[in-house]
Amino acid sequence: MRIDILTLFPEICRAPLGESIMKRAQESGALELRIHNLRDWTTDKHRMTDDAPFGGGQGMVMKPEPIFAAVESLQRNDSMVILMTPQGRRFNQEIAAKFSSQQHLIIVCGHYEGIDHRVTEQLADLEISIGDYVLTNGAIAAVVVVDAVTRLLPRVLGHEQSAADDSFSSGLLEAPQYTRPAEFRGWKVPDALLSGNHAAIAAWRREQALARTEQNRPDLLSKEDR
Ligand code: ADE
């Protein structure tokens, strides 16, 4: 899969997407990632990417021209254009899975008070928010989306199972995990996990997953689980 990120702050994206699993995904060819500076598509002397809002108000608005020029220079007939903004549809595992089946994503990162709405209406396929809070910069949100999508690509994770077992893909949060030592400061690992009995372990995990979901994310539970 190919992903192009368009941002005024490429460095915000580079480090988190250049380490560990994201680094290996690129080295193996599973992900072709390009991080671009939107300013490279400005044509004026001052390389302006923002301007004051029509109608007045605080802050600056990102100008449409460099964004249209950048997207149009990168766009193919199989591209999906995503705009990172707190006004977007809330990102989740299901959307990550849909994105991971695309051939090409172009992710446009907002900054300042907003982006000229003609970008939203005429250029973007959809607007995405990573949660109900406002970041200083859409590049941080783009990193989250690229990471969540990339780990779902074939052969990126160690064994294919690991993504299938994730919290959210089963509809429940994951059960707690433990490792050695079996006792630490007097706190013991639950007996079921040490039993070697696969049915007992599966039953314990299911029960714990339900309890954890009920406690932390009751909104995820369907009526039949309660
Ligand atoms: N830009 C600022 N806040 C954001 C958010 N929550 N999601 C996506 N882009 C953003």
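Criterion first (open to solvent by 80 Å² or more (accessible area, probe 1.4 Å) and away from the ligand (no atom under 13 Å from the Cβ)) does Trp187 satisfy it? Yes.
Which of the following residues is within 15 Å of the ligand (Cβ to nearest atom) and of a type in the set (A, V, I, L, M): Leu173, Leu126? I'd like the intermediate steps shown before the answer.
Numbers: Leu173 fails: within 15 Å of the ligand (Cβ to nearest atom).
Exactly one residue qualifies, and that residue is Leu126.
What about Gly59, is it within 16 Å of the ligand (Cβ to nearest atom) and either part of a loop (DSSP other than H, G, I, E, B) or at positive phi (or both)? Taking the combined requirement at face value, the residue satisfies it. Once the stretch 1-38 is narrowed to residues that are aliphatic (A, V, I, L, M) and farther than 21 Å from Cys109 by Cα, the residue that is surrounded by the most Cβ atoms within 10 Å (Cβ to Cβ) is Ala25.
Under the condition of being within 16 Å of the ligand (Cβ to nearest atom) and either among the polar types (S, T, N, Q) or touching a helix residue (DSSP H, G or I) at 6+ places or on another chain (Cβ under 8 Å) (or both), the residues counted in the stretch 137-168 number 10.
Residues of the stretch 39-58 that are of a type in the set (Gly, Ala, Ser) and open to solvent by less than 60 Å² (accessible area, probe 1.4 Å): Gly56 alone. Taking the criterion of being assigned to a strand (DSSP E or B) and under 26 Å from Ser167 (Cβ atoms), would at least one residue in the stretch 15-29 satisfy it? Among the residues of the stretch 15-29, not one is assigned to a strand (DSSP E or B) and under 26 Å from Ser167 (Cβ atoms), which makes the answer no.
When the stretch 162-219 is filtered for residues that are modelled with pLDDT of 95 or more and on the phi > 0 side of the Ramachandran plot, the ones remaining, listed by number, are Arg185, Gly186, Gly196.
The values are calculated or read from the model by the stated rules, or taken from the named source; none is laboratory data. Only a predicted model underlies this, so the values are computations on that prediction, with no experimental measurement involved. Every residue, glycine as well, gets a Cβ built from its backbone with ideal geometry; the counts of neighbours run over all protein chains shown. Note: areas computed on protein heavy atoms with side chains; ligands, DNA, RNA excluded. Shrake-Rupley method; radii C 1.70, N 1.55, O 1.52, S 1.80 Å.
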